[in-house]
Each structure stands twice: as structure tokens, then as C-alpha cells.
Amino acid sequence: MSAAPAQDDYDRLQAEAVRATVVRLQHRITARFPERNLRNVAGELVEVVDRVAAGSEHARRRIDLVRRLSRIGVTLVVIVTIAALFLTLRGTIDQSPQRSWEWLPLIESTLNDIVFAAAAIFFIYAAPSRVERGAVLEQLHRLRSLAHVIDMHQLVKDPDRIRDDYDPTGESVDLRMTRTELGHYLDYCSEMLSLVAKTAALCAEDTTDSVVLDTVRSIEQLTTGMSGKIWQKISLLR
């Protein structure tokens, strides 16, 4: 009797499953269109999925290290600030100020120390988020570029070009496809765009950074819009 699947298998997007789907799509494209460069685009997507899967564990360890160091840094800033305030206060008391305005340097120094300490704490505390954001945004930028490459591959694949009454010019692109082949080609492009969106979602599995989530959302909207245009072409073929 097989073991029951883990609960995480159903509430997390698995990199292995996404990669297997992309590889299967690449094989399907190669089998039907061995001379077309679309199969190479699928290969690029496989590399991105591998990089995301391998980089997520490495990035997680690096972010954990930066997070521990940032906590140590925050603690040191707090200790140094408290010590500086204590020394300033003791020095002022030792001078035995008699008038209220003689306390102004202490108040000014205290405010300056608090402001600088707060700025330092904010900068150090946000360091893990900056490290995480930079690594993920690099992968998302590549995915966005890959989506546009896929869109370029289907851009001139117009169903009107295979009509019997189509009148080509000397600059017209020769599709060298039948109606059935064009339908498969457009369907592969649509599937690949969907897998680009899934790979982008993989990048956001372990983050709550608003910038990363907004970028993933924009890629999903981009690929959805591109896929919608492709299905308009497919509907014209049918």
C-alpha cells in the first residue's frame, strides 16, 4: 500500500512538477516541429525552472544568514545607543545644571541619537528583504523577457495566411504550415506562456515581499493577455 502524499504536495507549487511539464512540452514540440526554434525557447524555460529550484534553497540559506546578522546588528545598535545616552546623561548630571536651558544640549543629543539609531535599525532590519528581492527579481526579469520571446514566435502566425484567397506580397512571411500544424504551434505557445506564469509563481513561494508579489502578478497578467490573443487565432482556425 502506497504512502499517503504529504499535505504540502497540495498547498504548494512543486518545482519538480513544473519542470516535468516543461520538459514534456519541449519533447512534444521537438517531435512535431524539429526544425522550429520554439523547442529551444522551451529549453530556455527548463533552465530557468532549474535555476529557480536550485537558487531557492541557496537563497533561503543566504537570507537566513543575513537575517541572523541583521538581528545581531540591531541589537548592537540598541546597546550602543543606550550606552551613549547613559554616558551623556551622567555627564550632564555631573555638571549639576541649575537652569532649565542647560538641559537643552542633553535633549538635543538624545533626539539625534534616537533618530540615527532608528534609521540604522530600519536599514539593518530591511537587509534580508533587499537581498531576497534582488535575487528573485533577476529571475522574474528573465521570465518576462522569455514571455515576449514566445510572443514574437507566434506574432506572424496569422490564420489568414493559410486561407485559399490570401494574396501574399514579396515581403509576406511563408508559414510553411498546414492548418493543423498552425493550430498545434499556437497551442504550444499558449501552454508555454502558462508555464512561464507558473515558474514566476515558483519564485514567490517563499516570500511575502510586496514588490516581488506585484512583479509576479504583472507577469501573470502579461502571459494571460498574450495567451488570450493566441486563442483568438486558434478560434479563427476552427
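Read-outs throughout are calculated quantities, based only on the coordinates presented, and are distinct from any laboratory measurement. Small disclaimer: the values here were computed from a predicted structure and weren't measured. Backbone-built Cβ (ideal geometry, glycine too); neighbour counts: all protein chains shown.
Can you bin the range 155-238 into rounded, prolate or oblate? Criterion: square roots of the alpha carbon gyration tensor eigenvalues sorted a ≥ b ≥ c, rounded for a/c under 1.5, prolate for a/b above b/c, oblate for the rest.
Prolate.
At Val23 and Ile162, where each label point lies 7 Å from the Cα along Cα→Cβ, what is the point-to-point distance in nanometres?
3.1 nm
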